[in-house]
Every structure is written in C-alpha cells, then in structure tokens.
Amino acid sequence: MRNEDGGPPPGVPVGARHAVPSAERAGVELAAFPPKEKWDDWVELESTQWPKRVERHYMLVPTICFNCEAGCGLLAYVDKETLQVRKFEGNPHHPGSRGRNCAKGPATLNQTYDPERILYPLKRVGPRGGGQWERTTWDEALEAIAAEIRRAIEEDRHNEVMYHVGRPGEDGYVERVLQAWGVDGHNSHTNVCSSGARLGYDLWQGMDRPSPDHANARFILLLSSHLETGHYFNPHAQRIMDGKMRGAKLAVMDPRLSNTASMADYWLAPYPGTEAAILLAIGNEIIQHDAFDRDFVRRWTNWDQYLREERPELELSFDSFVACLKGLYADYTPEYAERESGVAGDVIRELAVEIARAGSAFSTHVWRGAASGNLGGWQVARCLELLNVLTGSIGTPGGTSPNGWDKFVPAPFKTPPPQKVWNELTWPREYPLAHHELSYLLPHFLKEGRGKLAVYFTRVYNPVWTNPDGAQWIEALRDQSKIQIHACLTPTWSETAWFADYVLPMGHGGERHDTMSYETHSAKWLGFRQPVTRVAMERMGRQVRFTYEANPGEVWEEDEFWIELSWRIDPDGSLGIREYFESPYRPGERVTIDEYYRWMFENSVPGLPETAAAEGLTPLEYMRRYGSFTIQKDVYELHERRLTESELEGAETDPLSGVISRRDAAIGVQIDGRPYAGFPTPSRKLEFYSKTLKDWNWPEQALPGYIKSHVHWETVDRAAGEFPLIATFRLPTLIHTRSGNAKWLYEISHSNPVWMHPEDAVRLGLATGDLVRLWTEAGYFVSKIWVTEGIRPGVVACSHHLGRWRLSESQGMERWSSALVDLQEQDDGRWHMRQLHGIEPWKSEDPDSQRVWWSDAGVHQNMTFPVHPDPVSGMHCWHQKVKVEPALPDDHYGDVVVETRKSFEVYREWLAMTRPGPGPGGLRRPLWLQRPYKPDAAAYQV
Ligand code: SF4
C-alpha cells in the first residue's frame with residue numbers, strides 16, 4: 001500500500017518518512033529473479049532518481065552472453081520508454097548458468113554503449129596499416145567483397161577465400177555459409193587455445209572434450225582454474241561448488257596458486273610440463289594395487305588390439321593384458337614423479353587412494369594450461385583420461401563424459417554438400433593429425449609463398465595481439481600481394497582491425513542471433529542469442545525487418561550479413577550458392593532471419609515444438625521468450641546403449657574386433673555377445689592403444705605417455721636467470737579482446753605483472769615493482785615483478801589478458817584499456833614498441849571516461865613469443881623459456897623488442913620436428929578424426 005504521491009502509507013511514524021524507501025512500499029516486488037509471467041512489463045524503481053520513487057517499466061528479453069565460450073544466459077532489461085538496455089542480469093531459465101554470471105556478463109552493457117564503439121563501416125584510405133579511415137556504406141563494402149569472392153570462385157581459386165574466427169559464439173552457421181560457397185576456407189583460433197587437449201581426448205573417445213559431472217562427483221581433479229576462468233567456467237564453477245557442498249574433494253594441479261587452487265583440498269604445484277608424469281604415477285599406483293575397474297577396462301578399452309598389434313607373442317587374454325599393463329607403467333613410481341615434478345611422492349600416493357576410492361564418481365578437466373603450454377601437451381589429456389578409464393568413471397554420474405553427449409547442434413534447413421577442395425594453408429601436410437587449423441602459422445606460410453588470399457575475413461579475432469609472433473602478423477597483413485582484401489568483422493577496435501581494408505561493425509551479445517550449446521553438465525540444452533532491442537520492439541508491436549534497424553548506429557548482425565553477401569556473390573543463382581539462402585517457406589525469395597531459426601526450431605530440436613505448444617507458443621516464440629531449451633536431462637553412459645533391431649538390419653560384425661558396420665560405416669561393437677553403440681573411434685571402444693598414431697608415424701606415442709616439455713627443467717639454466725614462463729593464464733574479469741571496451745572490467749583488472757617466488761626474487765635481488773627484461777628466443781619485453789608465494793619457485797608467470805595498445809591517440813583501440821605506443825620497424829626485421837603513455841581520462845559522451853583513475857595498460861608479452869607448433873597436435877606450445885634480468889637504464893615499462901627473422905628461424909626449427917603425411921591410403925588425414933567443417937572424402941586424397 002502506498003500514498004498516491006509515493007509517500008509512506010498512513011500510520012507510518014513521522015521520521016520514517018526519510019528512511020530509504022522500500023521496494024515493497026513503492027509497489028515493486030523484490031525477487032531473486034523476475035517471474036517469467038512479468039517479463040513483458042517488469043517494474044523497478046529508477047536508481048538515478050533516488051530518493052524519489054520513480055518507476056521504470058522494462059521488457060525483459062533473454063539472450064546469451066558473447067564474452068566467453070560458456071554461453072551463459074543473460075536477461076536484458078530493455079526500457080520500454082527509451083528502448084535503451086539498462087542492464088544485463090542472469091537468465092534463471094538457462095540450464096547451464098541457472099541465472100548466474102561472472103562479471104563479464106553484466107559488462108555487456110559497457111560494450112553496447114561504449115562511446116569508443118565502431119558504429120559505422122569504415123574503409124581504409126592510404127596504405128594498409130596507415131591509420132586513415134573513411135566512413136563507407138554497407139552497400140559499397142558488400143559489393144566489393146562479393147565481387148572478389150565471386151571472381152575467386154569462378155576462377156577456381158576457392159582456397160583464396162578464408163574466414164578466420166576468434167570467438168565463434170555460434171554453432172555451424174558460418175560453416176554452412178562456407179560450404180554453400182564450396183570453399184575450404186574455415187580457420188579458427190583453436191590451435192592457440194585448446195587443440196592439445198582436444199587431440200588427446202579425440203584419440204581416446206572420438207570426441208574432443210571432456211564433460212565432467214562435477215555436481216555428483218566424489219573427487220574432482222582439475223588441471224585448470226575452473227572456479228575462476230576455465231572453459232565453461234561459470235557453469236562448471238557452480239557445479240564444482242555443488243559437488244564440494246555434497247562432500248567432494250577437490251585437487252588442482254597448477255604451478256600457480258589460482259583462485260581455484262586456493263579453494264582446493266590439494267594444490268599440486270608441479271614444475272610446468274611434468275603433469276603427465278604425475279598422472280601416470282597416480283595411474284600406476286591404481287594399476288599396481290589392482291584398484292582399477294577391471295570390468296570396465298576389459299569391456300571398454302581396445303586392450304585386445306594392443307596385444308594383437310604390439311605383443312602377439314602373449315596370450316590374447318585380459319589377464320595377460322593386465323600383466324602387461326603393470327609392466328608398461330611400472331617405472332612411473334611416485335618417487336619418479338616427485339623427481340620430475342617436485343610434487344611430493346606421498347601426496348601422489350594419497351591422491352591415488354582418493355581417486356580409486358571415488359571410483360566411478362571421479363570428474364576431471366584439462367583444457368588449456370598444461371595441455372596448451374607444453375610440447376606434447378596433448379599427452380597430458382590422454383594421461384588424465386587414463387585415470388577416468390581406470391576408475392570406470394566415463395559417462396557415469398559424478399564421472400566424466402565425452403562432450404558430444406552433452407552438446408546439441410540443430411540442423412538448419414537445406415545443408416550444402418561438403419566442399420570438394422582441401423586448403424593446405426590451414427591443413428598443411430606437415431601436420432596430418434593437427435586437431436585444428438594451423439591458424440597461427442598463416443603469416444609464416446604466406447611468407448614462404450605457400451599461397452595467397454583474395455579475401456580474408458577476420459571475425460572477432462585479433463591475431464596481431466592474441467597470437468604469438470604478432471609482428472609476423474603485421475608484416476603479412478600489410479602485404480597486399482599476399483592478402484588482397486582484409487575485411488575485419490568486429491564489435492570493437494583491435495590491433496588487427498588497424499591492418500584491415502574494411503572494418504565492419506558487428507553486434508555484441510544483445511545484438512545478434514546465434515544458437516549455442518555446451519557441455520556444462522550432464523544434459524543437453526540449446527541456447528538462443530538474440531538482438532534484445534529488436535525483440536523488445538517486436539513484442540511491443542513494432543515491425544523490424546533487419547536487426548541493424550534496432551542496433552546502435554549501423555551495427556549489423558552477422559547472420560544477416562552472410563545472407564546478404566552470399567546473395568550478392570550469386571545474384572542469379574548460377575553458382576549454385578543462392579539456393580541455400582532462399583526461404584524454406586517462400587521459394588525463390590531471400591530467407592529472413594526469423595525464417596532461418598523458425599525452420600530450425602520447428603524441425604530440428606526434439607521436444608521443443610511440443611513444449612512450446614503446451615504454452616500456446618510456436619517453437620520460435622518459445623525460444624524468443626525463454627532463450628533456451630533443455631532437450632535431455634541426466635545424460636549418462638550412452639556407450640552402453642544397445643543397438644536396435646532396425647539398426648542391426650544388414651549390419652556385419654568383424655569377427656576379430658567385434659566392430660559392427662553397416663554400409664561401410666561403423667555403428668557399434670559386440671561385447672560379451674551383445675551389440676552396443678560404443679564410441680565413435682575405429683574400434684568403437686576407448687582407445688588406450690592408438691593404431692592411428694602408429695600408422696601415422698608416431699608409434700612411440702601410441703599409448704598414453706609422458707613427453708618432456710620444451711621447457712623441461714633439464715633445459716633451463718636456473719643459475720643463469722632462466723625460468724619457464726607460464727604465459728597462458730586468464731584473469732577472471734577479462735576476455736582477450738572484447739573486454740577492451742568494458743570500463744567496469746578494466747577498472748577491476750588493468751595490470752599483468754610477472755609473478756615470481758620470494759626465493760627467486762632474493763636470489764636475483766629483485767623486489768615487487770622492480771622492472772625486468774624477460775628475454776625470449778626472439779626478443780624481450782620489459783615488465784615489473786610481483787613477488788608472491790603463489791607461484792612455484794623456479795617458475796615465473798604473466799597473464800596474457802593485458803597489454804593492449806593503439807597507434808593513434810583517439811582511434812584504433814578503446815582508451816579504457818590501451819596504451820598509446822610508438823611502433824618502429826627497422827630494416828633488419830627488428831620491431832620496437834614503446835609506450836608513450838598509459839591509460840588516461842578523456843572527454844566523451846560517457847562522463848565515466850573522465851573518471852578513469854587507472855593508468856597501467858599492462859605489457860604485451862605475446863609479441864615476443866615465436867611460434868612453437870607441436871609436431872603432432874599442431875597446438876602452439878605457449879610456455880617460454882625466458883631469461884630474467886634487471887632492466888637497463890634506458891628501458892621503459894612496456895617496451896617490446898622482437899626480431900621477426902629470429903622468430904622465423906624458431907618456426908623452422910619446430911617445423912623440422914614434424915612427420916608429414918600423407919598417411920595410409922594416400923590420405924592427408926585419418927578420415928575418422930574430427931575436423932571442423934569436414935570436406936568431401938575425396939578431398940582427403942593427396
Ligand atoms: S562465464 Fe561469464 S563471460 Fe562466460 S558466458 Fe558466462 S557470464 Fe559470459
């Protein structure tokens with residue numbers, strides 16, 4: 001009850017009149033989450049009008065956060081009067097994030113209304129990288145790009161069209177576009193991110209990621225920092241805490257005391273690169289004590305293939321395999337692991353007991369960290385998965401499933417056939433087993449004359465800053481004989497956008513359509529990102545034809561961009577492209593974005609039409625209203641699914657392996673006389689033994705094993721000031737590039753000092769704040785030291801999330817996050833960057849820009865790193881051997897010096913470690929291994 005003037009109700013004592021007005025008295029409810037029935041008119045008090053009780057009416061529109069790969073749900077509060085988004089909060093109906101977000105979710109608001117934002121398409125004038133731009137029209141940009149792509153396709157130069165993506169944030173849309181064009185032009189960031197771990201998992205189970213069921217685990221082992229930053233971290237962090245609250249123990253292996261390690265029951269701080277030795281020692285303890293799940297290992301690993309191929313002299317029996325297994329890992333004692341890693345043998349023994357006790361409720365995860373830092377990091381994932389296999393915790397409640405079981409990608413209408421070409425710029429012969437494209441070697445390949453590009457799209461991708469060897473990228477991007485048109489699709493400025501011909505502004509998380517689904521827990525769900533202002537306008541009865549009509553300035557959404565571009569490449573349909581962009585409902589006419597998703601939700605998402613109908617909604621209306629849909633809960637043990645009679649009709653079983661095939665495709669496996677679906681590997685079992693590795697020239701790596709890292713302690717001269725540098729860790733509050741225009745996030749995090757243990761600091765005579773030079777193989781950077789016990793002695797670490805820079809005072813990067821630098825190139829391939837000033841307040845339409853109080857922008861370390869492509873997985877091995885020495889008098893904080901000639905030599909050294917294809921059958925790559933956007937089988941033939 002309230003007075004009409006908003007004053008206190010009758011009977012309230014005098015004096016209470018000046019108390020903070022409660023929401024209840026203002027007629028506004030307090031609720032953890034607004035109930036969905038009120039999403040069309042949610043009322044809150046206007047905070048800026050306090051203490052007046054002014055009500056604001058909001059349309060609440062769900063979308064998906066675009067700031068990391070976790071795909072959490074957001075709920076946008078769109079002011080019904082102004083159509084401004086006032087805030088982004090969590091979407092309680094999203095099954096992965098359950099209404100919770102990290103700081104980066106709500107910061108979508110900063111990104112949306114950043115005064116530095118690119119609002120209109122820009123075209124380069126003057127030399128590429130010269131920093132001169134003019135505003136252009138979408139029409140002009142689309143025409144120019146479409147004409148060049150059309151010419152390349154008509155002249156059979158399909159491999160000269162390349163789309164290079166940083167943060168995908170969607171599942172399959174652009175791959176469909178590229179396949180419609182018939183090009184093998186997909187390139188990703190994955191080889192600077194996760195392909196080490198992915199290859200390890202793929203070799204085991206035919207799916208390249210783990211999906212741990214932390215909430216039901218008894219023991220959780222992380223080689224990552226999932227409570228703060230790991231992959232799918234917010235959804236996983238919630239479930240790790242659920243598990244801990246139910247009594248699960250947590251062990252974290254990380255040379256650095258991450259926030260996650262600080263919450264763990266066991267923090268193991270190994271010497272970097274020795275993680276696999278510890279994992280094998282744990283496995284060996286479990287094996288030697290017969291504490292493994294015998295029946296699971298007997299039924300679900302390809303032990304028989306191992307015996308047949310490698311130990312034909314032995315009896316083909318499981319007992320004989322067990323005896324063999326005991327011998328295989330016998331040398332990996334806890335004492336050996338202690339000598340390698342520095343982690344106490346007793347702790348390793350204790351962990352083995354705990355893990356064996358957890359049995360099938362043992363969840364694990366490795367993504368970046370050890371798997372992406374080290375030569376042979378892919379074997380770390382294999383060794384970790386070995387522990388899950390030994391404990392029988394694959395696909396069980398509280399165990400670890402393959403990711404594919406907990407992810408759902410709906411099919412769009414009319415799928416184009418696979419492309420008939422193979423692009424050696426992304427899938428070169430030297431790396432037949434690389435898990436993803438050799439993306440970060442593109443400038444090296446271009447320099448070597450392996451090809452050129454007619455049209456190169458970078459899309460939410462910033463290789464100049466994010467990748468190693470950024471100066472090589474600058475040299476390649478500047479070269480118009482190698483890259484004819486560089487179109488940068490980006491929601492923000494970036495160091496790479498500076499070297500584009502077109503900078504095309506794209507939407508943030510509340511300004512675009514995408515579907516997303518991730519293995520956040522043991523369930524399958526689908527999330528729907530949407531342009532929230534557009535949806536709010538439509539709910540209020542306004543007609544919107546294209547998303548850019550509702551977005552700020554002329555910001556497009558990519559889905560509509562690709563439709564428009566494809567139509568212009570093939571306006572009359574003669575190239576066979578246009579048909580994939582014609583409406584499934586209105587033949588011959590251009591598909592609208594509503595129609596694209598309407599068809600998908602009506603036809604490809606099991607259970608959605610029925611659930612929507614029960615609420616009187618169409619499937620599209622349902623997804624627009626709730627932003628997500630759970631397809632299946634409690635997904636466990638899918639490998640144990642029995643094949644049905646109809647699946648077995650016409651199928652044949654290989655008498656030796658038990659593999660069941662139909663029409664030349666393996667569909668399952670016979671075990672103990674029963675037909676099971678199994679795993680999508682050649683043996684349909686978990687491949688303890690990889691015949692693929694043997695056949696493709698890596699026989700010594702056919703079993704899970706330990707490869708000594710390129711930064712192994714034997715190669716590091718500590719007395720000479722050498723250290724392994726851990727350069728991969730994220731900060732919880734930042735994203736690689738897109739957080740650059742999120743003022744709240746940079747207010748929290750704006751420095752990346754070099755972590756050093758007190759023992760080392762004393763030894764080198766350094767104290768917190770001292771400037772040092774860190775020498776890599778290609779140059780050095782100057783940064784400051786932070787002395788902390790949160791790092792293992794003998795190791796230094798520096799986050800890769802800072803060190804943004806710009807070349808012009810007022811353009812080219814957001815001023816919330818970047819230092820103004822002078823970048824000089826010398827004739828001999830030597831680059832020198834010096835910060836002219838750090839972050840400073842400036843005048844803009846956002847008064848906060850004059851309140852900026854932080855000045856540190858961090859240091860760009862990645863530019864001094866040469867590439868280290870792992871010869872098997874293709875993963876860039878991020879750890880660096882560095883030499884730390886006090887800075888010289890002329891050194892400035894943030895200095896970066898690098899020689900691209902030297903970094904190119906390092907590239908050559910690592911290239912020489914490869915064992916090129918083709919492999920068996922003259923193939924470029926094993927057909928069964930995963931590959932994004934697979935070409936036609938014929939294209940696999942050299
Ligand atoms: S974890 Fe944070 S940044 Fe990532 S999707 Fe969720 S809210 Fe966004």
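The values are calculated or read from the model by the stated rules, or taken from the named source; none is laboratory data. Small disclaimer: the values here were computed from a predicted structure and weren't measured. With ideal geometry, Cβ positions are generated from the backbone for all residues, glycine too; neighbour counts draw on all protein chains shown.
Of the residues making up the stretch 475-488, those that are more than 15 Å from ARG124 (Cβ to Cβ) and touching a strand residue (DSSP E or B) at 6+ places or on another chain (Cβ under 8 Å) are ALA476, LYS482.
Only one of the listed residues (VAL882, VAL896, VAL859) is surrounded by 24 or more Cβ atoms within 10 Å (Cβ to Cβ) and in contact with a helix residue (DSSP H, G or I) (Cβ under 7 Å, 6 or more places away or on another chain). That residue is VAL896. All conditions but one from (1) hydroxyl-bearing (Ser, Thr, Tyr); (2) farther than 19 Å from LEU703 by Cβ; (3) not in a helix (DSSP H, G or I) apply to TYR332; the one that does not is (2). Contact map, the stretch 55-73: first residue in contact (Cβ under 8 Å) with a residue 40 or more places away in the chain, second residue of a type in the set (A, V, I, L, M) and more than 16 Å from the ligand (Cβ to nearest atom), Cβ cut-off under 6 Å, separation 6 or more or different chains; pairs are MET59/VAL78; MET59/ALA536; VAL61/VAL78; VAL61/VAL535; VAL61/ALA536. Among the residues making up the stretch 347-392, a single one is at pLDDT below 95 and part of a helix (DSSP H, G or I): GLY369. Counting only helices (runs of 4 or more DSSP H) that sit wholly inside the stretch 183-276, those with at least 1 residues that are of a type in the set (Phe, Trp, Tyr), in contact (Cβ under 8 Å) with a residue 12 or more places away in the chain and under 27 Å from HIS876 (Cα atoms) are 195-205, 233-245. For the stretch 567-617, filtering for residues that are closer than 20 Å to ARG150 by Cα, aliphatic (A, V, I, L, M) and part of a helix (DSSP H, G or I) leaves 1. Please go through the stretch 621-643 and pick out each residue that is in contact with a strand residue (DSSP E or B) (Cβ under 9 Å, 6 or more places away or on another chain) and over 22 Å from ASP406 (Cβ atoms). Within the stretch 621-643, ARG624, ARG625 meet the criteria. Looking at ALA180, is it in a helix (DSSP H, G or I), under 22 Å from ARG578 (Cα atoms) and out of contact with any strand residue (DSSP E or B) (no Cβ under 7 Å at 6 or more places or on another chain)? Spelling it out, ALA180 is indeed in a helix (DSSP H, G or I), under 22 Å from ARG578 (Cα atoms) and out of contact with any strand residue (DSSP E or B) (no Cβ under 7 Å at 6 or more places or on another chain). Residues of the stretch 69-94 that are over 18 Å from PRO35 (Cβ atoms) and away from the ligand (no atom under 11 Å from the Cβ): ASP79, GLU81, THR82, LEU83, GLN84, VAL85, ARG86. Can you confirm whether GLU511 is within 16 Å of the ligand (Cβ to nearest atom), under 30 Å from ARG124 (Cα atoms) and more than 20 Å from the chain's Cα centre (by Cα)? So GLU511 passes the test.
Considering each residue of the stretch 156-163 in turn, none proves to be of a type in the set (Lys, Arg), part of a loop (DSSP other than H, G, I, E, B) and surrounded by 22 or more Cβ atoms within 10 Å (Cβ to Cβ). In the stretch 935-942, the count of residues that are surrounded by 17 or more Cβ atoms within 10 Å (Cβ to Cβ), closer than 25 Å to GLY721 by Cα, at pLDDT 95 or above and aromatic (Phe, Trp, Tyr) is zero.
Residue-level analysis places HIS736 among those that are within 13 Å of the ligand (Cβ to nearest atom), assigned to a loop (DSSP other than H, G, I, E, B) and not charged (D, E, K, R).
Of note, THR63 does not satisfy the criterion of being away from the ligand (no atom under 16 Å from the Cβ) and either at pLDDT 95 or above or aromatic (Phe, Trp, Tyr) (or both).
On the basis of being at pLDDT below 95, within 16 Å of the ligand (Cβ to nearest atom) and not basic (Lys, Arg), does HIS214 make the cut? For HIS214, the condition - at pLDDT below 95, within 16 Å of the ligand (Cβ to nearest atom) and not basic (Lys, Arg) - is not met.
In a residue-by-residue description of the stretch 238-249, the property of being within 16 Å of the ligand (Cβ to nearest atom), within 25 Å of LEU390 (Cβ to Cβ) and surrounded by 24 or more Cβ atoms within 10 Å (Cβ to Cβ) applies to at least one position. Only one of the numbered conditions (1) out of contact with any helix residue (DSSP H, G or I) (no Cβ under 7 Å at 6 or more places or on another chain); (2) not in a strand (DSSP E or B) is violated by GLU437, and that is (1). Restricting attention to the stretch 852-886, the residues being outside any loop (DSSP other than H, G, I, E, B) and among the acidic types (Asp, Glu) number 1.
Of the candidates VAL544, VAL555, the single residue that is of a type in the set (A, V, I, L, M), in contact with a Pro (Cβ under 9 Å, 6 or more places away or on another chain) and free of Cβ contacts under 8 Å to residues at least 60 places away in the same chain is VAL544.
Touching a residue at least 24 places away in the same chain (Cβ under 8 Å) and of a type in the set (D, E, K, R): is that true of ARG804 in this structure? Taking the combined requirement at face value, the residue satisfies it. Is it the case that the stretch 504-527 has a residue that's buried (at least 22 other Cβ atoms within 10 Å of the Cβ), part of a helix (DSSP H, G or I), in contact with a helix residue (DSSP H, G or I) (Cβ under 8 Å, 6 or more places away or on another chain) and hydrophobic (A, V, I, L, M, F, W, C)? No, that holds for no residue.
Of GLY573, GLY607, GLY616, all but one fail to be within 25 Å of GLY182 (Cα to Cα) and exposed (fewer than 15 other Cβ atoms within 10 Å of the Cβ); the exception is GLY573.
Among the residues of the stretch 95-105, just one is more than 10 Å from the ligand (Cβ to nearest atom) and among the basic types (Lys, Arg), namely ARG98. Considering only the stretch 111-129, I want to know if a residue exists there that is more than 28 Å from ARG478 (Cα to Cα), within 16 Å of the ligand (Cβ to nearest atom), polar (S, T, N, Q) and touching a Cys at 6+ places or on another chain (Cβ under 8 Å). No; the residues of the stretch 111-129 include none that is more than 28 Å from ARG478 (Cα to Cα), within 16 Å of the ligand (Cβ to nearest atom), polar (S, T, N, Q) and touching a Cys at 6+ places or on another chain (Cβ under 8 Å). Determine if the stretch 272-280 includes at least one residue that is touching a strand residue (DSSP E or B) at 6+ places or on another chain (Cβ under 9 Å), small (Gly, Ala, Ser) and surrounded by fewer than 24 Cβ atoms within 10 Å (Cβ to Cβ). Within the stretch 272-280, not a single residue is touching a strand residue (DSSP E or B) at 6+ places or on another chain (Cβ under 9 Å), small (Gly, Ala, Ser) and surrounded by fewer than 24 Cβ atoms within 10 Å (Cβ to Cβ).
Residues that are assigned to a strand (DSSP E or B) and buried (at least 20 other Cβ atoms within 10 Å of the Cβ) do occur in the stretch 629-641, at least one of them.
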